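To keep things clear, I will list the structure first and then write my remarks on it.
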Amino acid sequence: MKIAVFGSTGNTGLQLVSQILERGNECTALVRNPEKLVQFESNKNLKIVKCDILNSDEVASHLAGHDCVLSALGVHGIAMFKMTFYLDSMKSIVEAMRKANLKRLICVTSFYSKPDTIYPMMYKIVMRPMLGRHLDNMNEMEEYLFSQCSDIDYTIVRPPRLLDTTMSESEIKVNENAYFFPDYSTKSQIPRANVAKFMLEALDKNLYVKQGVAIDLVK
């Protein structure tokens, strides 16, 4: 299998690249800063491509011959103003996929990406003030996939707080077409390694096509 990865220099993306290469698959990492992947550059199954991910023509030229696209693109820090990166980058990726005749896409957003009054107090007093602009733009991206991408076999993965720890052996729980776990049966935090593993398992088994799913570790 030949997999294209966006956001491969972020902490979740690095987990994706590592696990793809461990499986013996071919991986193309489309990046702005190739130096961040120096630890993998000796692996013959990795192709590192420096490109402008907002230029769909340029991206499409590097997607030909691939089987799928995985995206772990994200924006660090607190945004003071309206954000457009999640939607802009996804539009570029989808346009490039169409030009390259690619269908399968798995991407990461977050718990609580769609505004709702049923979320817990922690969301209302901590997450929303800090990450509201990120979440709003993630939701715009998701709505774009739902409403304008019926030709794309997308899966949206919504994890809680991400941890830079080793992979957990705990079971992953999935809530289909949901934005969190209303029964609070999960830990509300998950290692990035587990998220990457879940994405690759969804790819292997062709799971959750044209769905958004909340995932978390069982308590």
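Only one of these is at pLDDT 95 or above and either surrounded by fewer than 19 Cβ atoms within 10 Å (Cβ to Cβ) or touching a strand residue (DSSP E or B) at 6+ places or on another chain (Cβ under 8 Å) (or both): Phe85, Phe81, Phe40. Name it. Working first, answer last.
On the way: Phe81 fails: at pLDDT 95 or above; Phe40 fails: at pLDDT 95 or above.
That would be Phe85, the only listed residue that is at pLDDT 95 or above and either surrounded by fewer than 19 Cβ atoms within 10 Å (Cβ to Cβ) or touching a strand residue (DSSP E or B) at 6+ places or on another chain (Cβ under 8 Å) (or both).
Name the residues in segment 139-156 that are out of contact with any strand residue (DSSP E or B) (no Cβ under 9 Å at 6 or more places or on another chain) and assigned to a helix (DSSP H, G or I), would you?
Listed by number, the residues that qualify are Asn139, Glu140, Glu143, Tyr144, Ser147, Gln148.
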*If you take the residues of segment 183-212 that are in contact with a strand residue (DSSP E or B) (Cβ under 6 Å, 6 or more places away or on another chain) and assigned to a loop (DSSP other than H, G, I, E, B), which of them is surrounded by the fewest Cβ atoms within 10 Å (Cβ to Cβ)?*
Val209
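Pick out the one residue from Ala72, Ala60, Ala4 that is open to solvent by 10 Å² or more (accessible area, probe 1.4 Å), touching a residue at least 40 places away in the same chain (Cβ under 8 Å), small (Gly, Ala, Ser) and within 23 Å of Val195 (Cα to Cα).
Details: Ala60 fails: within 23 Å of Val195 (Cα to Cα); Ala4 fails: open to solvent by 10 Å² or more (accessible area, probe 1.4 Å).
Within the list Ala72, Ala60, Ala4, the selection yields Ala72.
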*Tell me which residues, restricted to segment 43-73, are among the small types (Gly, Ala, Ser) and outside any strand (DSSP E or B).*
Ser56, Ala60, Ser61, Ala64, Gly65, Ala72
*Identify the single condition in (1) buried (at least 22 other Cβ atoms within 10 Å of the Cβ); (2) polar (S, T, N, Q); (3) free of Cβ contacts under 8 Å to residues at least 24 places away in the same chain that Thr109 does not satisfy, given that it satisfies every other one.*
(3)
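The values are calculated or read from the model by the stated rules, or taken from the named source; none is laboratory data. All values reported here derive from a predicted model rather than from experimental measurement. Glycine gets a Cβ as well: all are built from the backbone with ideal geometry, and neighbour counts include every protein chain shown. Just so you know, the surface numbers come from the protein's heavy atoms only, side chains and all, with ligands and any DNA or RNA stripped out. Shrake-Rupley method; radii C 1.70, N 1.55, O 1.52, S 1.80 Å.
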